[in-house]
Amino acid sequence: MQFLTSSLLELITQTSTNLPPDVRAAMAKAAPMETPGTQAGQALEIIAGNVDTAYEGEAAICQDTGMPTFYVHMPPGVSQLVIRKAACEAVAEATRRGKLRPNSVDSLTGKNSGNNLGEETPIFHFEQWEENEIEVKLILKGGGCENTNAQYSVPCELRSLGRADRNLEGVRKCILHAVWQAQGQGCAPGAIGVCIGSDRAHGYALAKTQLLRTLDDMNPNPELANLEARIMEEANRIGVGPMGFGGRVSLIGCKIAAANRLPASFFVSVAYDCWAFRRLGVRLDPASGAITRWLYRDPDRPVEKLAKTEGFPLTGREIVLTTPVSEAAVRALKVGDVVLINGEMYTGRDSVHAYLMKNPPPVDLHGAIIYHCGPVMLKEGEQWFTKAAGPTTSIREEPYQADVIARYGLRGVIGKGGMGAKTLAGMKESGAVYLHAIGGAAQFYAQAVEKVLGVHLLEFGVPEAMWHLQVKNFLTIVTMDAHGNSLHAEVEKATAEALAQL
Ligand code: SF4
């Protein structure tokens, strides 16, 4: 199979850089549902432009290219070992080319393998079938949305919804609770795969395989088809909205399967995927490994642009912040302000925050802004270049953030999904703000990076290192200010009330 590795490399590249048509169609349908000029409307505009830029430049749609998960069907006689080896080679090469971020971390040592290969990564699901060709489907699902997956053992009590019993009404409550609980942390609007029944481990696996269905298909089981339609309608009434900013589009797809269960168990498993729903597939010739056709695509239909306008239109009302930032400038900001950042900033996420709790920073952070971001970076000669640089989910830094702000004089934190009460109180006391970037908009933000000025703590791996960036017109929205206001707390409260009304 001389073409097998190159075919799989093409599958990985296309999956990471070109959103499938059904997801594009769902996002195109979502866009007019939000009012232009609102935070939700702006988020969808930026996302649309980002999808187009990624396609045009064959660059990662989101910097978190996730856990590569392959679903392989093959005729008898085809070797799993050969496919596994070729897929691993393709994954390593895609990482070297910057189509995948190095994402495989040893869970005991914390060391990043650097090539997306390691113990149990990538993930393979092999199955034989009676057709003559090989079929390979690939899902790239990032950590932010993976962390918002949820599993319920019913009966259970759910906030705002009361008791979920062992029937379809109970299942409906669990699914709605999962969408509500995700808020913006999984980069809403999302799509969910659900499994009713099975055991804990297989229930989650089956929920994820529902994400292999196209968003516009019809469930062959009428009862489940009805439930899917009802969830879509109700979830979009809760008001979580794009990025959790509040709005009418929280969900772009809901796909549900049912599996038999043990008499004693009743699980509802929900796999949440973000708007950057990267899933593609190919059919391969079993003799040569060449691609015979693409799945999820109509070869007669060209890729359509998602954005309605070129670039993101600025209104002139944006506030420009130049780093280092003064306390007065930060205290003047309020929730809802759109801020353009110029100057220097540093990335810092899980490893950096853990490090800063025990060690002084490698640079002076007074007046600085830290960006919760694990970028895709490539080195050409001695210079690093930013290939993808959207925000990561900030809530993971909640235990550390207020201390890091107070200790080192930070004035701003950029991330997505918002942070909690401890950080909000710390910002009020120290004089700092939370600036929300648009989750998944990795190309939009990579374009705002003028230069990589340096890197510290690279021993943590590329995504976890502290990158020193020079940025221009880096667009963010204040969602937590230094006066104790949090858009995230407001939306969570309002949506909990709306959930109770369903
Ligand atoms: S769009 Fe958001 S949730 Fe999805 S992979 Fe990117 S950062 Fe993670």
The answer for the chain, accessible area per residue at 1.4 Å probe in Å², is 40 Å²
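Give me the number: length gained by fully extending N260 to D298, i.e. 0.36 nm times residue separation minus the C-alpha to C-alpha distance, one decimal in nm. List each step's numbers first, then the result.
Values: separation 38, 0.36 × 38 = 13.68 nm, distance 3.49 nm.
So the chain would gain 10.2 nm between N260 and D298.
I want the local charge near T393. Using Cβ-Cβ distances under 11 Å, sum +1 for each Lys or Arg and -1 for each Asp or Glu among the other residues.
Charge balance near T393 sits at -2.
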Label-to-label distance, nm, for residues given as E119 and N359 (7 Å Cα→Cβ offset):
2.4 nm
Mind pulling the per residue volume of the convex hull built on the Cα atoms of the stretch 120-239? Å³ is fine.
140 Å³
Output ordering of 443-454, 488-499, 313-324 (per-residue mean of other Cβ within 10 Å, highest first) is 443-454, 488-499, 313-324
Applying the Karplus parametrisation 6.51 cos²θ - 1.76 cosθ + 1.60 with θ = phi - 60° to the phi angles of the stretch 475-483, what ³J(HN,Hα) value in whole Hz is obtained for each residue in order, glycine and proline being reported as x?
8, 9, 10, 6, 10, 9, 10, 8, 10
As a test of the formula, what do you get for the chain when each DSSP H run with n ≥ 4 contributes -39,500 (n - 2.57) and the sum is divided by the residue count, at 222 nm and rounded to the nearest 500 deg cm²/dmol?
-10000 deg cm²/dmol
Suppose every Lys and Arg Cβ carries +1 and every Asp and Glu Cβ carries -1, with no other charges. What dipole size does the stretch 116-179 come out with about its Cα centre, to the nearest 20 debye?
700 debye
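Order the peptides 472-483, 246-257, 151-162 from the highest to the lowest mean number of other Cβ atoms within 10 Å of their residues.
So the order, starting with the most tightly packed, is 246-257, 472-483, 151-162.
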Centre separation in Å (Cα based) which lies between the stretch 245-297 and the stretch 38-67:
20 Å
Plugging the Cβ-Cβ distance of L108 and V82 into 1/(1 + (r/R0)^6) at R0 = 22 Å yields, to the nearest 0.05, a FRET efficiency of 0.15
For the stretch 349-423, size of Cβ-based charge dipole, Lys and Arg +1, Asp and Glu -1, in debye
160 debye
Here are some pairs, K255/K493; K305/K334; K428/K472; K141/K308; K141/K173; K99/K472; which of them have Cα atoms lying more than 29 Å apart in this structure?
K305/K334
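How much of the DSSP beta bridge set in the stretch 58-182 is antiparallel, as a percent to the nearest 5?
Antiparallel bridges: around 65 percent, rounded to the nearest 5.
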Sequence-distant residues sharing a close amide H with Y371 (under 5 Å, placed H)
Y346, T347, G348, I414
Under 5 Å between amide hydrogens, which residues at least 5 positions from F124 or on another chain qualify, with H placed 1.01 Å from N in the peptide plane?
F70
Check every DSSP H run in the chain and write down those whose alpha carbon atoms cover 15 angstrom or more along the long axis and whose mean Kyte-Doolittle hydropathy is 0.5 or greater.
4-17
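How much of the pair distance distribution for the chain lies past 36 Å, counting alpha-carbon pairs only, in percent?
Details: 36958 of 125751 pairs.
Of all Cα-Cα distances in the chain, 29 percent exceed 36 Å.
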With a 1.4 Å probe and every protein chain kept in, tell me what percent of the accessible surface of the chain is carbon plus sulfur.
53 percent
Could you run the Karplus curve 6.51 cos²θ - 1.76 cosθ + 1.60 with θ = phi - 60° over the stretch 124-135 and give me ³J(HN,Hα) per residue in whole Hz, x for Gly and Pro?
10, 10, 9, 8, 8, 8, 8, 7, 7, 8, 9, 10
Of the DSSP beta bridges with both residues in the stretch 364-502, give the percent that are antiparallel, rounding to the nearest 5.
65 percent
Antiparallel versus total DSSP beta bridges in the chain: what percent is that, nearest 5?
65 percent
Estimate the FRET efficiency between R230 and L378 by the formula 1/(1 + (r/R0)^6), using the beta-carbon distance for r and 35 Å for R0, to the nearest 0.05.
0.15
Listed by chain and number, the residues whose amide H is under 5 Å from that of G246, excluding neighbours fewer than 5 places away on the same chain and using placed H, are G241
Using the Karplus curve 6.51 cos²θ - 1.76 cosθ + 1.60 with θ = phi - 60°, work out ³J(HN,Hα) for each residue of the stretch 279-288 in order, rounded to whole Hz, and write x for Gly and Pro.
8, 9, x, 9, 9, 10, 5, x, 8, 9
Taking 42-51, 281-290 and ranking on average Cβ neighbours within 10 Å, highest first, one gets 42-51, 281-290
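The values are calculated or read from the model by the stated rules, or taken from the named source; none is laboratory data. Quick caveat, the model's predicted, so the values are computed rather than measured. Glycine gets a Cβ as well: all are built from the backbone with ideal geometry, and neighbour counts include every protein chain shown. Surface accessibility is based on the protein's heavy atoms, side chains included, excluding ligands, DNA and RNA. Shrake-Rupley method; radii C 1.70, N 1.55, O 1.52, S 1.80 Å.
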